[in-house]
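Here's the structure, in structure tokens; my notes come after.
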Amino acid sequence: MPEATERPVRVRYAPSPTGDPHVGNIRQAIWSWLYARHTGGQFYVRLEDTDQSRSVPGSLERILESLRWLGIDWDEGPDIGGPYGPYTQSERLPLYREAADRLLAGDYAYRCFCTTEELAAMRERQKAEGTLPGYWGVCRDLDAGVVAERAQRGDPHVVRFKMPREGTTTFNDLLRGDITVENRTLDDMVILKSDQFPTYALAHPVDDHAMQTSHVTRGEEWLPSAPRHVRIWDALGYPRPTFVHMPVILGADGGKLSKRHGAKFVLEYAEEGYLPDALFNFLTILGWALDDHTEIFSHERLIEVFELNDISVNPATFDQQKLEWMNGVYVREHTPEDELAEMFARRLERELPPDVPRPIDRSLVEEFAPLIRERVRLLSEVTDLVDFFFQPEVTPPPAEIFLQKRWKDDAEGAASALDEAAKALDRLDDTGEWAHEAIEAVLRDLADRLELKPGDLFTLCRLAVTGKRITPPLFETMDIVGVGPTVERLRNAASMLRETASAGAR
Ligand code: GLU
């Protein structure tokens, strides 16, 4: 039989449909996919739904959508089929039964009739006596006649694999090398449940063999049971695949990453305004490195350089701040302008108030996109930063927001500065020069004339024109808003300030 490593590369992502995939789980898909694409091999998806009690409806769709959003494609899968289908385990039950029968016939497995109560009592005893947990029960040595009779009668039972009791088992993990365990520590695990569904221990060798998986890439949580799994692979006569147990991801407090550390489902990141390429990059380098300094990689570059061997067995720590930073880097530097405008537009379509006509003005988005990319880390910040561009009128913020620092107790001064600005800009338009350089020159000139610090004047103008303290750069913003609305907003704010002042005086 060929050595596993000589086979063409075929790797898989084999999620169970227990809900949305979280980031730790999806990183396995990313790494496996990169390896397949790096080697020119294949990547497929298999749905492991043999534990029907844990199935959550809609999971498969969410899983596939998460992959798609990240830019991961698959060559075969439950939705598209392929030469080794079906790719959903519950549709492959006869194959597992046939394998279980083969193991029973070869005396590699036996039927176990122990009841839940008996198993619970066994566990209690093991706890009390401090002995090895697991199944060390009587059914392994039941008389063949009794077994046949009870099975015939339809007594509920499971099928257990008969682990060797002496010697050792050695298997190889690509990242860790050979691992050897004493066989006396391996208990007889269930391979076929009483409902005739297989457990993972039986289903995955049957499928990974049939589907020609070269590398079983899976989470480290499977490492403890791997020695028992390889016994099953061997008993079925299948050449062993290369095992790659991928390290866990830790939260900031050193515990296994979970919701409580702020880790989210993949599609929640999408919702919150992360870019798929940024999350993909971030997760790829969480536990994998090319060298000691490179952090930003395009998909193409990763496909070029990614090797499973470079995965670290030490658990990596999830750093939320770094993810946000990286997202900002992607927004600023690694997204073509038209794609970025498209992302902004999609978000604005969804989030702008309903009175803004749809579809929203795309050319407007293209105009301000270059101005805000420097200031945005998450797409979810966009709408609040630019909504005023889409509104015909802006309600100025309350007077006390204007009347701070230089303008404290000087509503009249602020109002007349705004009126002067309106006048100067209106005049500018008459000369046909409405452009951000000219706007800036006019306002600086005005500040000079009024003996104001430029910043004190600009703050008033910014609040008046946008309604906000934090906005895209002021002169470019006015340029895009246009002379009419700019002048009107400056005047509105001025009259609002005067009204407030006179109301206060009364
Ligand atoms: N269904 C298993 C899980 O979701 C997959 C393990 C594997 O990849 O073999 O943990």
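The numbers here are math on the coordinates, done by the rules we state, and not lab data. Values in this document were obtained by computation on a predicted structure and should not be read as measured data. Virtual Cβ from ideal backbone geometry, glycine too; neighbours counted across all protein chains shown.
Using only the Cα atoms of region 128-258, build the gyration tensor, take square roots of its eigenvalues as a ≥ b ≥ c, and label the shape rounded, prolate or oblate: rounded if a/c is under 1.5, else prolate if a/b is larger than b/c, else oblate.
Working: a/c = 1.82, a/b = 1.56, b/c = 1.17.
Taking the square roots of the gyration eigenvalues as a ≥ b ≥ c, region 128-258 is prolate.
Remark: the residue 75-residue 410 segment gains 113.7 nm on full extension, using 0.36 nm per residue and subtracting the alpha carbon distance. Charges were assigned to the Cβ only: +1 to each Lys and Arg, -1 to each Asp and Glu. The resulting dipole of region 153-252 about its Cα centre is roughly 200 debye.
Per-residue ellipticity at 222 nm computed for the chain from its helices equals -14500 deg cm²/dmol, with DSSP H segments shorter than 4 residues left out and the rest contributing -39,500 (n - 2.57). Applying 1/(1 + (r/R0)^6) with r as the Cβ-Cβ distance of residue 350 and residue 400 and R0 = 41 angstrom yields a FRET efficiency of 0.80. The simple spin-label model puts a point 7 Å past each Cα toward its Cβ; for residue 65 and residue 358 those points are separated by 1.7 nm. Each listed q (0.14, 0.18, 0.22, 0.25 Å⁻¹) maps to a log10 I(q)/I(0) for region 378-442, found by the Debye formula over equal Cα scatterers with no solvent: -0.66, -0.97, -1.07, -1.05. When the square roots of the Cα gyration tensor eigenvalues are ordered a ≥ b ≥ c, the ratio a/c for region 234-386 is 1.5 or more and a/b exceeds b/c, which makes its shape prolate. Could you tell me which of rounded, prolate or oblate describes region 1-118, using a ≥ b ≥ c as the square roots of the eigenvalues of the alpha-carbon gyration tensor, with rounded for a/c under 1.5 and, failing that, prolate when a/b is larger than b/c and oblate otherwise? Here region 1-118 falls in the oblate category.
So what is the diffusion coefficient of the chain in µm² per second by Stokes-Einstein at 10 °C and 1.306 mPa s, using a Kirkwood Rh over Cα pairs? The diffusion coefficient I find is 57 µm²/s.
Take 477-487, 219-229 and order them by the average number of nearby Cβ atoms within 10 Å per residue, most first; the result is 477-487, 219-229.
The distance between label points at residue 236 and residue 105 comes to 1.6 nm (points 7 Å beyond Cα on the Cα→Cβ vector). Extension gain, residue 391 to residue 435: 0.36 nm times the residue separation minus the Cα-Cα distance gives 13.8 nm. Around the amide H of residue 257, modelled in the peptide plane, lie the amide H atoms of 249, 250, 251, all under 5 Å away and 5 or more residues distant in sequence or on another chain.
Can you tell me the dipole magnitude for the chain around its Cα centre, using point charges on the Cβ only (Lys, Arg +1; Asp, Glu -1), in Debye to the nearest 20?
Working: 59 positive and 86 negative charges, 369 e Å.
Approximately 1780 debye in magnitude.
For the chain, take the longest principal axis of its alpha carbons; what is the angle in degrees between that and the long axis of helix 144-153, to the nearest 10 within 0 to 90? Roughly 60 degrees between the two axes.
How high is the FRET efficiency from residue 6 to residue 366, r the C-beta distance, R0 56 Å, rounded to 0.05?
Efficiency computed from Cβ-Cβ geometry: 0.60.
Ordering 318, 331, 306 by Cα displacement along the dipole of region 299-338 toward the positive end leaves 318 in first place; charges were set at the Cβ atoms of Lys, Arg (+1) and Asp, Glu (-1). Extending 7 Å from Cα along the Cβ direction at residue 503 and again at residue 195 yields two label points whose distance is 6.6 nm. Using alpha carbons only, how many angstrom separate the centre of region 45-122 from the centre of region 423-469? Spelled out, the Cα-based centre of one part sits 67 Å from the other. Selection among 41, 281, 363 by position relative to the dipole of the chain gives 41 as farthest towards the positive end (Cβ unit charges, Cα centre). What residues from region 373-409 fall in the zone where the backbone N is under 20 Å from a label point 7 Å along the Cα-to-C-beta line of residue 324? Within reach of a label on residue 324, which here means backbone N under 20 Å from a point 7 Å along Cα→Cβ, region 373-409 contributes 373-386. Per residue, the average separation of C-alpha pairs within less than 8 Å and at least 6 apart gives region 353-506 a relative contact order of 35 percent.
For the pair residue 309 and residue 338, a Förster radius of 56 Å applied to the C-beta separation gives a FRET efficiency near 0.90, rounded to the nearest 0.05.
Could you tell me the relative contact order of the chain? Use alpha-carbon pairs under 8 Å, at least six residues apart, and round to a whole percent.
Details: 726 pairs, mean separation 65.3, N = 506.
Relative contact order of the chain: 13 percent.
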